[in-house]
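The values are calculated or read from the model by the stated rules, or taken from the named source; none is laboratory data. Keep in mind it's a predicted model, so treat the numbers as computed, not measured. Please note: Cβ atoms are built from the backbone with ideal geometry, for glycine as well, and neighbour counts cover all protein chains shown.
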Amino acid sequence: MNHSGRSLSETIRAVGPLWLTVMSIALLAAAAGIRGLPGVLLVFLVIASAVVVLARYSGRRAPQTTVAHDATGGNLQVLLRMIDRRTAIRMFGMSALFVGPLGTVPKALEILAGQQVPEETQSPFSRIRQWAMIIDLRYCDGCQSVASPPRCTAACVEGHLLPEPMQWIEVFEDELEGEGTRFIPIPCQHCQNPPCVNVCPVGATFSAPEGLVLIDQERCIGCRICMAACPYDRRFFNWGEPPVPPEAHLANYNLEAQVPALKGTVMKCDFCPDMVRAGTLPYCIQACPNQAIYYGDLEEDIATNGRQLVSMAAFSAEHNAFILKEELGTQPRVFYIPGHGEAVGRTPSRTGRLPTVWPWNRIAPGSDLWSR
Amino acid sequence: MTWRRLGRWGTLAILVLGFLLLGSGGAFADHWTVEVSAPEEGALGETIQLTATVHDAATGEPVEGAELVFFSSVTFAGVGGDIELGEALTNDLGVAVFDYELRKLGTHTITIEGGGEPNILSFPVTIGGQLYRSPAGISLIPGAGGWVVTLVIGAIWVIMIIVGVSVVRVSRGSPPAGNEAEAEEDERERSAGTKWLNTATMVTAVMVVVAGGIVALLIRSPNTHHNRDPVGYDRSAVAFVEGAYAYPDFGLADDAAAEAEIGRGLFVTFGCAGCHGVDAEGTTTAKSPASASYDWVRQVTRNGQPGMPSYSEQELNDTQLNEIFAFLAETRGELGG
Amino acid sequence: MESVNDWQARLEDTTLDPARKTTRNYYAFLFFLLAVTGWGMYAYSLQVRRGLVVTGMSDRISWGLYITMFVFFIGISHAGTLISAILRVSHAGWRTPVTRMAEFITAVALVTGAFFVIVDLGRPDRLINVLVFGRWQSPIVWDVLAVTTYLTASVVYLYLPMVPDLAFFRDRLAPWVSRPKHLLYRILAINWRGTSGQKRHLGRAISIMMILIIPIAVSVHTVVSWIFAMTLREAWNSAIFGFFFVAGAIFSGIATLIVVMAILRRVYRLEEYITPKHFLYLGYLMAAMAGVMIYANLSEYITAGFKFEEGTEFLFRQLFIDEFAPYFWFYFIGGLMTPIVFMFIRRLRTIGGIVTAAVFVDMGMWVERYFIVVTGLRAPLLPYEPVNYAPTWVEWSITAGGFAFFALLITLFVKAFPIMAVWEMTEERREEFEEMVEYEHEFDGEDVLASGVPDLAPEPEGGGPP
């Protein structure tokens, strides 16, 4: 039998390992992002060089008519002796059959699954808002001056129909160096390097183009790794049937309103995206009696607390704004101006604030209550 | 001659009038003239210079060390007013230069105070795109990590599938290629009846399916570290600077029977309950609308108010408005008027 | 002097015993395990209906007993890797009798561990989201991939050397077992006839798997540790978590193997094959791993304690002095020092002593998983008072159900599958025998064979009659 007329199955078995190597090169090329035509060309180039080298090394020698060992996993010498030009061309051709379409596999899978990667938004508008907050602690006294539980928290609870005991924006009392305390309202920081988003296994929490971190409670599986990852304690879990007013169940759940809360999922402050897009301010900004919280847009560099307007960059810089836990590198969108309520007449020694209440007259039947 | 004509009272009147004229017009600015200038137009993101030249009105000499305050007129989230941009002092030539970064598209209106009457500059900014880019979602080589994971896991599973194939070979009892003596013996064994559909093949098939599922998971996975623009989400809209949006209605989940019942539902789904309370009883953010008249409710809802968005005919039609009012009337009755 | 075939016949008899006869004790034990597992499932059904509010977890301590059990069982699963793979690669012949049990434990522990992750989910009905929407950047997805791969690999690795034994069950057990069971053996034995071709393929498959499974196993517990280490919690933000968890896994795996080995040895009279030597060697390995664990713990605490950064004081206080002190010191003294002490003191170096040490190690390691999870979450992130975590009866029930399920699977396995690796042990015995024959040829005339079965404590040359 003519040595170059080796059967196809023999050829396959002979060049098996080498073919696997070629495939790995192809995959690596695809992995490096070189897909489609450039990828095919690259792999052809690699194969062609390999074929040329091998042909020069062994092509002119007469190949053996019998094979002493099992070539699959056999030694390289035998292998090389088996590669004549015909075999090389067959190998080349076979690889082309498989390598070429390889680069299109991911795209094909995406199309098959019906999930197209979103194209750039076709919109006449070009500038996306970049929401941020500035909280002026010189004006925050924990609502001591109005003798009520903190109103920012109360408005948020009422506005989002929060189940007890969630406080998305929570007013903490922090000890100052020296004597006394200060009040510091802490909403979700909407980090630009969010630890919660990085660890979510199903992508239920995500970074929106406006810079907000949102949660889709209809995708959340309730594994709570995001709660372990958040360094600011700003994520809350619906341990049981959430104790919300029955009216909440009249609404269709939407991830920008988060009404009603769904059992077994995670929730948090969302910077009220539905409201600010419609041109009003979030609940907490509207409710603060001292107008201590500013809501703004980093794109236009403007912020307001409901009464005054400021330039975000100038305002923060002028008053030496800081961010929480800067050393962690989370890059939050909430800036704090240091103070302890002095602008509304509070001295640091006046400690204590009233506890938050959840004012529902009636809660949905079957609800549970839990503690933080 | 003039003085004798005016007389004592006339002179006094002129002197008083003179002092009044001198005293008016501000503390230091009564004798200054201020000329302000700005470029014709600017591009977004550019830092332009606003110059103001102050001369003494009487002598025409440049005034040094005069303080001028610059304001910009803006509107944001329903609040309109002036932002204080900063101050500038004039130099020995009487020129004050203020660096101003253009962050807004449209007409900029700059007010400069400190030179008597406030001077107003106005110029358009029409060119420009996104200025602030969030660091979220940026990775070094997009998707590279995913491919590395896919390759490693893929390699391991390929090896396991090869093992599976070896086990299939065991079940078929096929000899390794090229060994003549063994082949004869196994040929005898083979005729004893082997079937393709045995455990080993099925197990290998299962492994192939599982491996395929894993690879599919990895390939479909979103590529950005921070899950930006995630696949499969239906967000109603992104907030654009230039856009004007309605407050979205998220829809009633159930069909409620009576008008007031529907109104109660709409009160929640349109976001009214957020500020006004589920029972329209009022909250920290907004007062109770229960005691308001129909006309007042209609007017405020259609036109909006500071702190309250407006709902046009298309967003909240008259039928729905009536239903909400029916709910408010019922609540008013419950609250006792 | 007994020939290899006689020896093999005796081994086969011992191995067939559990499959042939079932005692009343066995049924009683099985019933007990089923009862506990059933109670655990009832508790879980309550949890599914009402949500995780029935547990003692809260927003501030959002993981508890379930994650502890998950980490613990994935850790135990490393028993198989060490014994079967690492020791096989290093040609340690003594491990062959225990290799089957080790691989059982691995597969069963992985199943139980994976089950506990699902128990911990708030929305288990959405489990499919992990497959459909999975993000490869997430430590949980790494975990899913690694555990799936390891489970498949360990089941394959359990199955491969068992094929000849299943064939022998198929051939010999027909009179004692029901038809479905016999059919099962026939299917699983995949036509094994013992031909050299089949042996070659099987041998190669086993060789590939034994090398492949080591990096898979290391990666599994590393990614489990990264579920904690990829967060910003101070107690977890440590670079050595991966190594620390893998060492702990191997450690607890050996201990579990010792315990299971001791039980099965007593119940099925395997004293001839599982000798005190096995306990001794495993005991030494366990003590060595205890040393590694002590080193790892000291590294972490000394480096943190020297610097005493913000937050370290709270962590040290709660762990060494206040609320969790009993747990930590039980783990350190009972779990880490006990095995070393027991292996040093000659009088305690008995089977009973080593098994006791192993029990302490298992308990200590469970406690260690518990306080790693809870103390890590308990340190306050903001100015609030730390909360406490107390598991409820639902959590304890499901935990007990998990342990019972683990024991139940092993109990059922032991009844259905060969507990001794007959084929491997016989092959090894044959090799040793052939070595002895060669040895005899070298020393012409010396009747070495008559001097008895070769073992690791060889008798003097030309020794007495067998």
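What residue, among those in the stretch C:158-204 that are more than 10 Å from chain B (Cβ to nearest Cβ) and closer than 14 Å to B:VAL163 by Cβ, is nearest to the chain's Cα centre (by Cα)?
C:LEU158
In a helix (DSSP H, G or I) and buried (at least 17 other Cβ atoms within 10 Å of the Cβ), is that true of C:ALA288?
no
Quick test of your reading of the structure: B:VAL165 fulfils all but one of (1) at pLDDT below 75; (2) surrounded by fewer than 19 Cβ atoms within 10 Å (Cβ to Cβ); (3) in a helix (DSSP H, G or I). Name the failing condition by number.
(1)
Mind checking whether some residue in the stretch A:205-225 is basic (Lys, Arg) and within 26 Å of the chain's Cα centre (by Cα)?
Yes, the stretch A:205-225 contains at least one residue that is basic (Lys, Arg) and within 26 Å of the chain's Cα centre (by Cα).
Considering the stretch B:206-234 alone, what residues qualify as being more than 7 Å from chain A (Cβ to nearest Cβ) and at pLDDT below 65?
B:ASN223, B:THR224, B:ASP234
Can you name the number of the only condition in (1) outside any strand (DSSP E or B); (2) under 30 Å from the mean Cα position of the chain (by Cα); (3) within 14 Å of chain C (Cβ to nearest Cβ) that A:TYR336 fails?
So the condition that A:TYR336 fails would be (1).
For the stretch C:273-290, indicate whether the set of residues that are in contact with a helix residue (DSSP H, G or I) (Cβ under 6 Å, 6 or more places away or on another chain), modelled with pLDDT under 90 and among the aromatic types (Phe, Trp, Tyr) is non-empty.
Yes, the stretch C:273-290 contains at least one residue that is in contact with a helix residue (DSSP H, G or I) (Cβ under 6 Å, 6 or more places away or on another chain), modelled with pLDDT under 90 and among the aromatic types (Phe, Trp, Tyr).
So if I check each of A:GLY211, A:GLY178, A:GLY240, which one is within 14 Å of chain C (Cβ to nearest Cβ) and either surrounded by fewer than 24 Cβ atoms within 10 Å (Cβ to Cβ) or in a loop (DSSP other than H, G, I, E, B) (or both)?
A:GLY240 is the lone residue from the list that is within 14 Å of chain C (Cβ to nearest Cβ) and either surrounded by fewer than 24 Cβ atoms within 10 Å (Cβ to Cβ) or in a loop (DSSP other than H, G, I, E, B) (or both).
Please specify each residue of the stretch A:145-183 satisfying the condition of being acidic (Asp, Glu) and modelled with pLDDT under 95.
Of everything in the stretch A:145-183, those that are acidic (Asp, Glu) and modelled with pLDDT under 95 turn out to be A:GLU158, A:GLU164, A:ASP174, A:GLU175, A:GLU177, A:GLU179.
Name the single residue, out of those in the stretch B:282-337 being over 27 Å from A:ASN305 (Cβ atoms) and among the β-branched types (Val, Ile, Thr), that is surrounded by the fewest Cβ atoms within 10 Å (Cβ to Cβ).
Looking at the filtered set, the residue picked out is B:THR319.
For residues in the stretch B:297-314 being of a type outside the set (S, T, N, Q) and at pLDDT 80 or above, which is nearest to the chain's Cα centre (by Cα)?
B:TYR311
Kindly indicate whether C:GLY305 is surrounded by 17 or more Cβ atoms within 10 Å (Cβ to Cβ) and outside any loop (DSSP other than H, G, I, E, B).
No, not satisfied.
Here's the yes/no breakdown for (1) outside any loop (DSSP other than H, G, I, E, B); (2) on the phi > 0 side of the Ramachandran plot; (3) within 14 Å of chain A (Cβ to nearest Cβ):
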{"position": "C:MET210", "(1), (2), (3)": "yes, no, no"}
{"position": "C:ILE214", "(1), (2), (3)": "yes, no, no"}
{"position": "C:VAL218", "(1), (2), (3)": "yes, no, no"}
{"position": "C:VAL224", "(1), (2), (3)": "yes, no, yes"}
{"position": "C:ASN237", "(1), (2), (3)": "no, no, yes"}
{"position": "C:PHE244", "(1), (2), (3)": "yes, no, no"}
{"position": "C:ALA247", "(1), (2), (3)": "yes, no, no"}
{"position": "C:GLY253", "(1), (2), (3)": "yes, no, no"}
{"position": "C:LEU257", "(1), (2), (3)": "yes, no, no"}
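Inspect the stretch B:70-83 for any residue being without any contact (Cβ under 8 Å) to a residue 60 or more places away in the chain, crowded, with 16+ Cβ neighbours inside 10 Å, among the aliphatic types (A, V, I, L, M) and not in a strand (DSSP E or B) and give the result as yes or no.
yes
Tell me which of these C:ALA28 doesn't satisfy, since it passes every other one: (1) free of Cβ contacts under 8 Å to residues at least 24 places away in the same chain; (2) not in a helix (DSSP H, G or I).
Exception for C:ALA28: condition (2).
Just for the stretch C:337-388: of the residues that are aromatic (Phe, Trp, Tyr) and surrounded by fewer than 20 Cβ atoms within 10 Å (Cβ to Cβ), which one is modelled with the highest pLDDT?
In this case the residue turns out to be C:TYR384.
Within the stretch C:256-270, work out how many residues are exposed (fewer than 14 other Cβ atoms within 10 Å of the Cβ) and modelled with pLDDT of 90 or more.
Here the count works out to 1.
Among the listed residues C:ALA114, C:ALA102, identify the single one that is crowded, with 24+ Cβ neighbours inside 10 Å, touching a helix residue (DSSP H, G or I) at 6+ places or on another chain (Cβ under 9 Å) and assigned to a helix (DSSP H, G or I).
C:ALA102
If A:ALA261 satisfies every condition in (1) within 15 Å of A:GLU158 (Cα to Cα); (2) facing another protein chain (nearest Cβ under 7 Å) but one, which is the exception?
(2)
Within the bounds of the stretch A:279-302, is there any residue that is under 26 Å from the mean Cα position of the chain (by Cα), closer than 30 Å to A:PHE206 by Cα, more than 9 Å from chain B (Cβ to nearest Cβ) and of a type in the set (A, V, I, L, M)?
Looking for residues that are under 26 Å from the mean Cα position of the chain (by Cα), closer than 30 Å to A:PHE206 by Cα, more than 9 Å from chain B (Cβ to nearest Cβ) and of a type in the set (A, V, I, L, M), one finds none in the stretch A:279-302, hence no.
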